[in-house]
Amino acid sequence: MKYSKQENGTVRVYATLPKTYENIINFQKADLETINSKGFYELVEPILTQYQRAETLLVSDFANNKFTQRVYNFTQAEIDALNTQTVKDEFKNNLTGAFAFATTPDGTKEYAIKIGNDGKIVTVLVP
């Protein structure tokens, strides 16, 4: 379990608690009340779907003795862009023999550049 502590106006995330803290030996094994009394609170990491992102800043919920991240759902435009990029990436990963990719000067089309069996350079439009 990760913990967080507010220090100098920012929230610091600890992968593990300190072994000793303010003369408390074995602080990592202290009871939750002691840990919380020193300003360390559980970090709740949300489980995200493919179409969500978590805010990097943590929000304190001292009533429940924890820090958490706000979760934002992608907009439809972000979902569409992600889906388009996924299709392009899959196409590119399954394209054999491509040695480079190039985008047209206007940025609207992308091509895979390959060498054909006859030694000639061939371009393939990436959907």
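Please work out whether the stretch 76-126 counts as rounded, prolate or oblate from its C-alpha gyration tensor, where a ≥ b ≥ c are the square roots of the eigenvalues and a/c under 1.5 means rounded, while otherwise a/b larger than b/c means prolate and anything else oblate? Cα axes put the stretch 76-126 in the oblate bin. Using the Karplus relation 6.51 cos²θ - 1.76 cosθ + 1.60 with θ = phi - 60°, the per-residue 3J(HN,Hα) values for the stretch 45-52 come to 9, x, 8, 9, 7, 4, 10, 9 Hz, with x marking Gly and Pro. Relative to the first principal axis of the alpha-carbon coordinates of the chain, what is the inclination of helix 76-94, with its axis defined by its Cα atoms, in degrees from 0 to 90 and to the nearest 10? With rounding to tens, the tilt is 60 degrees. Take the Kirkwood radius over Cα pairs of the chain, plug it into Stokes-Einstein at 25 °C and 0.890 mPa s, and you get 128 µm²/s for translational diffusion. If you average the C-alpha positions of the stretch 1-30 and of the stretch 35-111 separately, how far apart do those two centres end up, in angstrom? If you average the Cα positions of each part, the centres end up 28 Å apart. Most simply put, the stretch 3-73 has about 85% antiparallel DSSP beta bridges, counting only bridges with both residues inside it. For Thr104, Thr34, the sequence from fewest to most other C-beta atoms within 10 Å is Thr104, Thr34. Report, ordered by chain and residue number, the lysines lying within cross-link reach of Lys114, taken as a straight Cα distance under 27 Å and ignoring same-chain residues fewer than 8 apart. The qualifying lysines are Lys88, Lys92. Once you have a ≥ b ≥ c as the square roots of the Cα gyration tensor eigenvalues for the stretch 3-73, tell me rounded if a/c is under 1.5, and otherwise prolate or oblate according to whether a/b is larger than b/c. Prolate. Ranked by how many other Cβ atoms sit within 10 Å of their own Cβ, fewest first, the residues Leu17, Leu48 fall in the order Leu48, Leu17.
Values in this text are rule-based calculations from the coordinates and carry no lab data. Since the structure is predicted, the reported quantities are computational estimates derived from the model, not experimental observations. As a convention, Cβ positions derive from the backbone with ideal geometry for all residues, glycine included, and neighbour counts pool all protein chains shown.
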